[in-house]
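Asks: Would you mind keeping the following structure in view while I ask a few things?
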Amino acid sequence: MREFLQNLGIKILPTILNLLVKTLRIEIENSNFLKMENFVLMFWHGKMLCGWWLGKNKNFYGVVSQSKDGEILSRLLKKWNYKLIRGSSSKDGKEVMQQMVEALKNGYSLAITPDGPKGPREKMKIGGLIAAVRSEKPIILCGIKYEKKIVFNSWDKFELPKPFSKVFIRLSEPKKFPLGLSNEEYEKIRQELELELVKLSYE
């Protein structure tokens, strides 16, 4: 029965989520940054629904895990005309990283949840930053606030906005970093990006 319900969810949930987003009243601060040629867009895993929506029909790749939840998400993103990279930049390593860099170099933008696929919650992994540096593309951080939401008891405290509610999205200025960074420089930048994304999401 559990497997049946999971398979049913994979088939039905993407359509339901797509319909839900159509009801939301979304306000975007600094929306002009989305018109840039291509970039890495980062948003927290627990707030990701409207983060992914930002890339709808906009020449985006999405990095999505191989899990059951990832299968639900991949079907939704296909509805939104994403191309997909399946896996995790930390777990699946070189192959996923290579695909991320190639996508960016080939003119696509890349959407990623830097604390995914399994956390820790709102602790940024370094994969997205490395891909941005190697491809010489900027990073845009995306803070998302749902006015009315349901919060799930999952590792990421996943937030599902209620139908017809308001959503506030704040985008950072594009951030571009030079090639040849040391490990210490990478870690310093990673910490700064993590802190700024927290601020964008809650302040």
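Asks: Could you list, in sequence order, all residues of region 172-186 that are exposed (fewer than 15 other Cβ atoms within 10 Å of the Cβ) and in contact (Cβ under 8 Å) with a residue 24 or more places away in the chain?
Replies: Selection gives GLU173, LYS176, PRO178, LEU179.
Asks: Report, by residue number, each residue of region 158-168 that is closer than 17 Å to ASP115 by Cα and part of a strand (DSSP E or B).
Replies: GLU159
For (1) surrounded by fewer than 21 Cβ atoms within 10 Å (Cβ to Cβ); (2) in contact with a Gly (Cβ under 9 Å, 6 or more places away or on another chain); (3) not acidic (Asp, Glu), each residue gets a yes or a no:
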position	(1), (2), (3)
ASN57	yes, no, yes
ARG75	yes, no, yes
GLY107	yes, no, yes
LEU110	no, yes, yes
ASP115	no, yes, no
ARG121	yes, yes, yes
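Asks: With region 75-157 as the region, which strands (runs of 3 or more DSSP E) entirely inside it contain at least 2 residues that are of a type in the set (Gly, Ala, Ser)?
Replies: 109-112
Asks: May I ask you to list the residues in region 100-125 that are among the aliphatic types (A, V, I, L, M) and either touching a Ser or Thr at 6+ places or on another chain (Cβ under 7 Å) or at pLDDT below 95 (or both)?
Replies: MET100, VAL101, LEU104
Asks: Considering only region 51-72, state which residues are assigned to a helix (DSSP H, G or I) and either closer than 13 Å to PRO117 by Cα or out of contact with any helix residue (DSSP H, G or I) (no Cβ under 7 Å at 6 or more places or on another chain) (or both).
Replies: Answer for region 51-72, where residues must be assigned to a helix (DSSP H, G or I) and either closer than 13 Å to PRO117 by Cα or out of contact with any helix residue (DSSP H, G or I) (no Cβ under 7 Å at 6 or more places or on another chain) (or both): GLY51, LYS68, ASP69, GLY70, GLU71.
The values are calculated or read from the model by the stated rules, or taken from the named source; none is laboratory data. All of these numbers come straight from a predicted model, not from anything done at the bench. Please note: Cβ atoms are built from the backbone with ideal geometry, for glycine as well, and neighbour counts cover all protein chains shown.
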